[in-house]
1. Can you spot a residue in the range 92-114 that is touching a residue at least 40 places away in the same chain (Cβ under 8 Å), polar (S, T, N, Q) and either in contact with a Gly (Cβ under 7 Å, 6 or more places away or on another chain) or more than 13 Å from Ala22 (Cβ to Cβ) (or both)?
2. Please work out if Val45 is within 16 Å of His108 (Cβ to Cβ) and among the β-branched types (Val, Ile, Thr).
3. Being loosely packed, with under 11 Cβ neighbours inside 10 Å and either within 18 Å of the chain's Cα centre (by Cα) or part of a helix (DSSP H, G or I) (or both) is the filter here, so list the residues in the range 78-92 that pass it.
4. Here is a list: Glu71, Glu63. Which entry is of a type in the set (Asp, Glu), within 25 Å of Asp13 (Cβ to Cβ) and more than 18 Å from the chain's Cα centre (by Cα)?
5. For the range 112-125, check the following and say yes or no: at least one residue is under 21 Å from Asp13 (Cβ atoms) and either open to solvent by less than 70 Å² (accessible area, probe 1.4 Å) or at pLDDT 85 or above (or both).
6. Among the residues of the range 37-46, what is the count of those that are in a helix (DSSP H, G or I) and either surrounded by 12 or more Cβ atoms within 10 Å (Cβ to Cβ) or touching a Ser or Thr at 6+ places or on another chain (Cβ under 7 Å) (or both)?
7. Is it the case that some residue within the range 130-138 is open to solvent by 90 Å² or more (accessible area, probe 1.4 Å) and either modelled with pLDDT of 95 or more or over 16 Å from the mean Cα position of the chain (by Cα) (or both)?
8. If I ask for residues that are aliphatic (A, V, I, L, M) and out of contact with any helix residue (DSSP H, G or I) (no Cβ under 6 Å at 6 or more places or on another chain), which ones from the range 65-117 would you list?
Amino acid sequence: MVTCLAATAAIPDQDLLHRVTACVGRMSAQIEHHWLMSDQPTAQVETRRDHLEDILDALTSAEEATRILAERIEAKVAHASLLTQAAFSQDPRRASWAEKRAEQELAHCRSILLHPAPEGAATPDNAHDSDLNRVNQEAWHASQ
């Protein structure tokens, strides 16, 4: 029984694993888009992606590595498609939708990471913050 408990404790939450995997892929696409468009600095996105890669490495077993890489590439391609539509679509509504959707995905990814509150900022008490804290705690526990 103790062996079973120890084995199940080491298995990461699959939902968290998929979310982090997708985010690493999406942020990689975002970085490449910034490089190609030369429109925004990439240091902050690169730092966030590096932190997510650390989490992903902690969550990924050797048996899952190939599948995780494939999921990461799929997410990167999907995000690159959104960014391409946002930048080059002839339809302004489609471009606007793609830009908003890409930003929503990145916002979701940013919410996974721990980030310090600005000094003097009040911490709002709402459902989003409690969800963010839950995800951050899951990431921390999974990495232990």
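The values are calculated or read from the model by the stated rules, or taken from the named source; none is laboratory data. Values in this document were obtained by computation on a predicted structure and should not be read as measured data. Methodologically, a virtual Cβ is constructed for each residue, glycine included, from the backbone with ideal geometry; neighbour enumeration extends over all protein chains shown. Side chains are part of the model used for accessible areas, which takes the heavy atoms of the whole protein and leaves out ligands, DNA and RNA. Shrake-Rupley method; radii C 1.70, N 1.55, O 1.52, S 1.80 Å.
1. So the first thing to find is which residues in the range 92-114 are touching a residue at least 40 places away in the same chain (Cβ under 8 Å), and the list is 102, 105-106, 108-110, 112-113.
Those left that are additionally polar (S, T, N, Q): none.
No, because not a single residue in the range 92-114 is touching a residue at least 40 places away in the same chain (Cβ under 8 Å), polar (S, T, N, Q) and either in contact with a Gly (Cβ under 7 Å, 6 or more places away or on another chain) or more than 13 Å from Ala22 (Cβ to Cβ) (or both).
2. On the way: within 16 Å of His108 (Cβ to Cβ): yes; among the β-branched types (Val, Ile, Thr): yes.
Judged against the criteria, Val45 is a match.
3. Scanning the range 78-92 gives Phe88, Pro92.
4. Glu63
5. Yes: one or more hits.
6. Total satisfying the criteria: 2.
7. Here is the first cut: in the range 130-138, the residues open to solvent by 90 Å² or more (accessible area, probe 1.4 Å) are 134, 137.
Next, from what is left, pick out any that are either modelled with pLDDT of 95 or more or over 16 Å from the mean Cα position of the chain (by Cα) (or both): none.
So far as the range 130-138 goes, no, none of its residues is open to solvent by 90 Å² or more (accessible area, probe 1.4 Å) and either modelled with pLDDT of 95 or more or over 16 Å from the mean Cα position of the chain (by Cα) (or both).
8. Let us first name the residues in the range 65-117 that are aliphatic (A, V, I, L, M), namely 65, 68-70, 73, 75, 77-78, 80, 82-83, 86-87, 95, 98, 102, 106-107, 112-114, 117.
Passing the criteria: Ala65, Leu69, Ala70, Ile73, Val77, Ala78, Ala87, Leu106, Ala107, Ala117.
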